[in-house]
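Taken together, the values in this text are just the output of simple stated rules run on the coordinates, not laboratory data. Treat the numbers as computed from the prediction; the structure is a model and nothing was measured. Reconstructed Cβ throughout: ideal geometry from the backbone, glycine too, with neighbour counts over all protein chains shown.
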Amino acid sequence: MSSAAIENPSRRDFLFIATGAVGAVGAASVAWPLIDQMNPDASTLALASIDVDIGAIQEGQIVTVKWRGGPVFIRHRTKKEIDEAVNTPLSDLKDPQLDSARVKKPEWLIVVGVCTHLGCVPLGHEGQYDGWKCPCHGSVYDTSGRIRQGPAPLNLAVPDYAFLSDTKVKIG
Amino acid sequence: MSGTSTYVPKSALGRWFESRLPIVGLVHSSFVAYPVPRNLNYLWTFGAILSFMLVAQIVSGVILAMHYVPSSKMAFDSIEHIMRDVNYGWLIRYLHTNGASMFFFAVYMHMFRGIYYGSYKAPREVLWILGVIIYLLMMATAFMGYVLPWGSMSFAGATVITNLFTAIPLVGGGVAHWLWGGYAVGDPTLNRFFSLHYLLPFMIAGVVGLHVWALHVSGQNNPDGVEVKNVKRDTVAFTPYATIKDLFGLSLFLILYAWFVFYIPNYLLDADNSVPANPLVTPAHIVPEWYLLPFYAILRAIPNKLVGVVALAAAIVLLAFLPWLDTSPVKSAKYRPLFRFFFWVFVVCCVGLGYLGSQEVSDGTTLVARILAIGYFGFLLVVLPLLGLIEKTKPIPASIADAVLTKASVPSAPSVAS
C-alpha cells in the first residue's frame, strides 16, 4: 500500500479491515465452545463436596476417601507425629509452611492425596519423616504432608473443609 | 527426481480414465518407474515396513473399536470380553498391542539410519521434520492407546503424563483440568482419549503422505550420502528392485512380529495392567512402555519438576533441529570417522537410558542416568556442531556408481540388526 493510500484510506480499505475483524471474532466465538466443552462439566462440578464420618478413625490411622475423583487422606495424628510436624524448623522446608497453617485441629490432618510432582498417590507411614513416600519418583512428605525430599515442588494440598461436629467433616 | 514417468495406458479404457484422473500414472511414477539409488542397503526397507505397520494398526484398531467400550466402568471388562469371547479377539488384540511395539522398533531403526547416514541434511530438512512430527504423533497415539484398557498402569500412565502439563507456570493446573475434564483422570479423560486415539492415526497417515511426497521431490539419500548425478548410472527402477527388496525385508520383520504375537504376546505388557484401575492406589513400580523409557529416565534424572519436564520435551524437539545442529557438509558416517564413533556413543546413551528407565530409582541409577542424559544432549548440542569444524573427513566418492564399483575398498556399512 502506498503512503498516499494510508493517508487517505478508501472505502475498500475500511470494508477489508471491518470484514476481517468480524470474521476473526466469529471464528473465535465458534472456537471457544469447541475448546470449553473439555473443561469439567456440570455433573463433575456438582460433586464438589462430601461428608465423612471420622469417628471410627483410630489414632495413628490414615483413611483415604474419594473426593472429586481423587484421593484425600484423613490422618488421625499421634502426639509424636504432631510434635514432629510442629517442631520442624521452617528453614528445613522446601515449601515453608507452619503445621498450624495446615490443620484446623492438631490431631486431624486432611490433605489431598496427590503427589505434587506428577500426580501419583503417595504411600502412608513411609519415608524417613513418618509421613508419606511417593512410589513413582520418590518424593518424601512429613507428618504435616509437607515436601521434604525428592522432585515434588510443593506440599500436599489442603482442601477446603469444615468440622460439622466432632465426628463429622465436610470436605469441599 | 519427479516427472520421470513415461506411463501410457495400454487399453482405450485406461487412456480414457488417465485423461480424466491420472492416478494410475501417479502410482506408476512414484512406485514403479521411480529411480532409487543402486547402493541402498536393508536399512532402507524400514520405510516400507513402517507403511505396512501403519495400515496394520489402523485395520486391527478399527476392528477392536467394534468391541471396545470407552467407559471407566466397562473398559477393562470389554478388553477381557475381546480376549475371551470375540471370535479371534485375542489375535486381533495381540496384533494391535505388539504391533505398537513393532511400529516403534521400526521407527527407531529408521531414525537411527537417518542419523547415521545424515539423511536430514540439505535438501531433506523438511522431509526430516515431517518425520519428527510423525514420531510425535505416534507417541501421542501410543500413549492414549495404552490408557484405553483402564488397568492400573493405564491409569498411572495417564496421570503422570497429563501431570507433566502442571509444570507450566500459572496456567498448568487449568490446562490439566481441561485435559482431564474433571479434577483427576476419570471417565471424561478415557472417553476423549478413545476419540483422539481413533483420530490421530489418520493424521499420521496424512503426514506420511507429505513425508513420501517430500521424499519423492528430493530423492532418497543413500549409504554413501552423495546425490544422484546420472540417473542411468546411479539408480535402478523402484519396481522390481526396491519393491522386491522391501517385500523381503518386510517378510523378515513379520517373522519377528509373529514370534511376539504367537509365542510371547504378553512379554512387553505390564502385569500391573491386568489389575483394574483404582484412582486411590498407584502401583508400587510404575514404568511406561519400553519405547518411551529413555525419555522417562531423563525426566527422573532431574530433581526439579519444571526442569525435568523441559528436558523431556527438549530431548524430542531437538531432533527436529538436527539439520542445523550438524554442521558437517559430509552426510554419511562412512566418511566421518569421528562422527561414527560419537554416533555409537549416542546409541549407547539412548539404550542405557532406556534400561535405567525400567529400573527402580536408587542413587546409583540416578547418577548413571545423569551421565547418560548429558551424553544424549552433549551429542546433539555440542558434538554435532563442533565435529563439522574439527573433523577430518575421508574423501567422498564422485558418484554413487563410483562408490559401488570401488565398494571393496570402503568400510562396510552396519548390517541390519534383527
Segment A:12-82-segment A:97-172 distance, computed between alpha-carbon centres (Å)
20 Å
Pop a pseudo-label 7 angstrom from the Cα along the beta-carbon direction at both A:Val30 and B:Trp90 and give the gap in nm to one decimal.
5.0 nm
Send over the Kirkwood Rh of segment B:139-265, from the inverse of the averaged 1/r over different Cα pairs, rounded to one decimal Å.
18.9 Å
Table column - 3J(HN,Hα) (Hz), segment B:325-330, Karplus curve with 6.51, -1.76, 1.60, x for Gly and Pro
6, 8, 9, 7, x, 8
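What percent does the relative contact order of segment A:60-141 come to when contacts are Cα pairs within less than 8 Å and at least six residues apart? List each step's numbers first, then the result.
On the way: 119 pairs, mean separation 19.0, N = 82.
Taking the mean separation of contacting Cα pairs over the length of segment A:60-141, I get 23 percent.
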Would you kindly calculate the translational diffusion coefficient of segment B:260-371, applying Stokes-Einstein with the Kirkwood radius from alpha carbon pairs, for 37 °C and a viscosity of 0.692 mPa s, and quote it in µm² s⁻¹ without decimals?
196 µm²/s
What does the charge dipole of the protein assembly as shown about its Cα centre add up to, to the nearest 20 debye, if the Cβ of each Lys and Arg holds +1 and the Cβ of each Asp and Glu holds -1?
1880 debye
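Once you have the Cα-Cα distance between B:Val207 and B:Lys394, take 0.36 nm times their residue separation minus that, and quote the gain in nm to one decimal.
Working: separation 187, 0.36 × 187 = 67.32 nm, distance 3.61 nm.
Result: 63.7 nm gained on full extension.
Work out, step by step, the length gained on full extension between A:Asp95 and A:Asp13: first 0.36 nm times the residue separation, then minus their alpha carbon distance; give nm to one decimal. Working shown, then result.
Values: separation 82, 0.36 × 82 = 29.52 nm, distance 5.65 nm.
Going from the current span to full extension adds 23.9 nm.
Give, rounded to the nearest 20 debye, the magnitude of the charge dipole that segment A:1-147 has about its Cα centre when Lys and Arg contribute +1 at Cβ and Asp and Glu contribute -1 at Cβ. Before the final figure, lay out each step's value.
Working: 14 positive and 17 negative charges, 44 e Å.
Around 200 debye, computed over segment A:1-147.
Stretched out fully, how many nm does the piece from A:Met38 to A:Lys105 gain, at 0.36 nm a residue minus the Cα gap?
Values: separation 67, 0.36 × 67 = 24.12 nm, distance 3.79 nm.
The A:Met38-A:Lys105 span can extend by a further 20.3 nm.
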Mind grabbing the base-10 log of I(q)/I(0) for segment B:109-171 at q = 0.16, 0.17, 0.19 Å⁻¹? Debye formula, identical points on the C-alpha positions, no solvent, two decimal places.
-0.72, -0.76, -0.81
Which stretch or stretches of segment B:186-225 have amide N atoms under 13 Å from the point lying 7 Å from B:Val62's Cα along the Cα→Cβ direction?
B:199, B:201-202
Ordering A:79-86, B:319-326 by per-residue average of other C-beta atoms within 10 angstrom, highest first, gives B:319-326, A:79-86
Could you list which residues have their amide H under 5 Å from that of A:Gly150, counting only those 5 or more apart in sequence or on another chain, with H placed in the peptide plane?
A:Val140
Report the local net charge at B:Ala122: Lys and Arg +1, Asp and Glu -1, summed over other residues whose C-beta lies under 13 Å from its C-beta.
0
Of all chymotrypsin sites (Phe, Trp or Tyr not before Pro) in segment B:80-142, the ones in DSSP coil with at most 12 other Cβ atoms within 10 Å are B:Tyr88
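Run the helix sum for chain A: -39,500 (n - 2.57) per DSSP H stretch of 4+ residues, divided by residue count, reported at 222 nm to the nearest 500 deg cm²/dmol.
Working: 4 runs with 45 residues, N = 172.
Only helices count here, giving -8000 deg cm²/dmol.
Among the complete DSSP H segments of chain B, which ones combine at least 30 Å of alpha-carbon extent along their axis with a mean Kyte-Doolittle hydropathy of -1.0 or more?
On the way: long enough: B:89-116 (40 Å, 0.53); B:125-147 (34 Å, 1.95); B:187-218 (46 Å, 0.89); B:337-358 (33 Å, 1.68).
Helices passing the filter in chain B: B:89-116, B:125-147, B:187-218, B:337-358.
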Lone Cys, the protein assembly as shown, Cβ cut-off 4.7 Å -> B:Cys349, B:Cys350
What number, rounded to the nearest 500 deg cm²/dmol, is the helix-based mean residue ellipticity at 222 nm of chain B, given -39500 (n - 2.57) per DSSP H run of at least four residues and division by all its residues?
-19500 deg cm²/dmol
Ignoring the sites themselves, what is the longest stretch of chain B with no trypsin sites (Lys or Arg not before Pro) in a DSSP loop and at most 16 other beta-carbon atoms within 10 Å?
B:230-391
